[in-house]
Amino acid sequence: MRKISHFLYGLSGDDFTIIRKGTPGLRFRFGMIGIFVLFIFVLSFISSLVAFLNLFGSNFVSVLMSVIFVGLILSIYLLLLFTLSKNLLPRKKEPRATISLFLGKHLIIVFIAIFISKPIEILLLGSWVSNDIIEYKKQLLLTYENISKTNFEEETSIINTIISGYTRNPNRSNIGLVEKYKSVINEKVKENERLSYRMSSILNDSNFYTYRLILLSTKHPISWLVTLAVILVFIAPLLLKGFLNVSNEYYQIKKDIEFKIVLDEYQSFKESYDSIFKGKYAKEIKWEERYLDPPFNTKPKTDDKKIEDEKNLIDYIYYGQI
């Protein structure tokens, strides 16, 4: 049970070593985030499998591509989920950039959710448009046969004219030519029948996956409820994480850890800086602090140097005095 809990904490995109030491309420929240992420993984795999099977047929390649695609989607989602954690270190506030990044990340997640939802719609509601697809196939076949018939009549009209001319003036040589032209027409008839049968087979074997999606979206707007449900599933972990206050124990512990790491590394850098100058050049040169809150550097020091005006500078250059 503990291993399962740690696995779910890991799927939440945050530090499970902190989560597992938290209160039951905190562990439950991150456990729910992990469950949603796991459900998103299963949903994405089913969706991609349905899509690839419809596009490429039932084979090993479809399953393999589904696994690769889901791995890619899950990696992107976990990365975005991790970056949506609150930044606890001091930084310069740039509202426009913050809002743009926030909206951009959420829009990417919504786009992924919509993309995943469409094959799910086909799986759940595809039967709603089955009759429409049958009628659409019939229309396509009828259109093809009409075009084929028109082309056949245009191609054979000249031959029939020639045959009529030979028939009005029969002789031994003409009879042989008439039979030859008639055999050409018969061959074209057989070719048209063969092509018509082939077209019928192709249409029957085609599932019109993309057209099914278009029909569902346009003729049955209620299908968008599936899309909305999938979007909510994708957004749920973001909401569970977003409504977690900075004053929560998780963020307080995380803040202490991050501050300690940054300050320790900065102190190590300054010591290395000093030792390099002392060891190689035998000089005591200390790292100069230009900010009041190093190493976060959000509050620059004010320069208290007095700047003289232009007249004083000229007096100093020409007369050596100010």
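The values are calculated or read from the model by the stated rules, or taken from the named source; none is laboratory data. Note that the structure is a prediction, hence the values are computed from the model and not measured. Cβ coordinates were reconstructed from backbone atoms using ideal geometry, including for glycine residues, and neighbour counts include every protein chain displayed.
Brief remarks follow.
- Set Arg20, Arg2, Arg29: member being more than 22 Å from Leu213 (Cβ to Cβ), in contact with a Leu (Cβ under 8 Å, 6 or more places away or on another chain) and either of a type in the set (Lys, Arg) or outside the structural domain of His106 (by TED's automatic domain parsing) (or both): Arg29
- Residue match in region 237-247 (condition: at pLDDT below 85, among the hydroxyl-bearing types (Ser, Thr, Tyr), more than 31 Å from the chain's Cα centre (by Cα) and more than 30 Å from Ser127 (Cβ to Cβ)): yes
- Pairing each residue of region 21-41 that is of a type in the set (A, V, I, L, M) with any residue that is assigned to a loop (DSSP other than H, G, I, E, B) and surrounded by 19 or more Cβ atoms within 10 Å (Cβ to Cβ), provided the two are 6+ apart or on different chains, yields C-beta distances under 6 Å for Ile33/Ser12.
- The listed residue being assigned to a helix (DSSP H, G or I) and either closer than 18 Å to Ser206 by Cα or of a type in the set (Phe, Trp, Tyr) (or both), out of Glu121, Glu135, Glu153: Glu135
- Lys283 meets all of the listed conditions (1) assigned by TED's automatic domain parsing to the domain that holds Glu153; (2) in a loop (DSSP other than H, G, I, E, B) but one, namely (1).
- Residue within region 73-84 that is without any contact (Cβ under 8 Å) to a residue 40 or more places away in the chain, surrounded by 14 or more Cβ atoms within 10 Å (Cβ to Cβ), among the hydrophobic types (A, V, I, L, M, F, W, C) and touching a helix residue (DSSP H, G or I) at 6+ places or on another chain (Cβ under 6 Å) present: yes
- Cross-chain or 6+ apart pairs with Cβ under 8 Å, region 111-126 first and within 13 Å of Leu215 (Cα to Cα) and in the same structural domain as Leu53 (by TED's automatic domain parsing), then part of a helix (DSSP H, G or I) and aromatic (Phe, Trp, Tyr): Ile122/Tyr209
- Phe56 of a type in the set (A, V, I, L, M, F, W, C), modelled with pLDDT under 90 and either surrounded by 18 or more Cβ atoms within 10 Å (Cβ to Cβ) or farther than 20 Å from Ile253 by Cα (or both): yes
- Qualifying residue in region 200-207 (condition: modelled with pLDDT of 85 or more, among the hydrophobic types (A, V, I, L, M, F, W, C) and assigned by TED's automatic domain parsing to the domain that holds Ser44): no
- Selection count where residues are over 16 Å from Ile120 (Cα atoms) and either over 24 Å from the mean Cα position of the chain (by Cα) or not in a helix (DSSP H, G or I) (or both), scope region 184-230: 24
- Of the criteria (1) touching a residue at least 24 places away in the same chain (Cβ under 8 Å); (2) on the phi < 0 side of the Ramachandran plot, which one Phe208 fails: (2)
- Cβ-Cβ contacts under 7 Å between residues 6 or more apart (or on different chains), taken from a first residue in region 185-196 that is closer than 14 Å to Glu154 by Cβ to a second residue that is among the acidic types (Asp, Glu), are listed as Lys188/Glu155.
- Within region 87-94, not a single residue is surrounded by 15 or more Cβ atoms within 10 Å (Cβ to Cβ) and assigned to a helix (DSSP H, G or I).
- Of all the listed residues (Ser66, Ser44), the sole one being farther than 23 Å from Lys105 by Cβ, in the same structural domain as Phe102 (by TED's automatic domain parsing) and small (Gly, Ala, Ser) is Ser66.
Rundown of residues vs (1) closer than 26 Å to Leu232 by Cβ; (2) over 23 Å from the mean Cα position of the chain (by Cα); (3) not in a helix (DSSP H, G or I), yes/no style:
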position: Ser5; (1), (2), (3): yes, yes, no
position: Tyr9; (1), (2), (3): yes, yes, no
position: Asp14; (1), (2), (3): yes, no, yes
position: Phe28; (1), (2), (3): yes, yes, no
position: Ile33; (1), (2), (3): yes, no, no
position: Ser47; (1), (2), (3): yes, no, no
position: Val61; (1), (2), (3): no, no, no
position: Ile68; (1), (2), (3): no, no, no
position: Tyr77; (1), (2), (3): yes, no, no
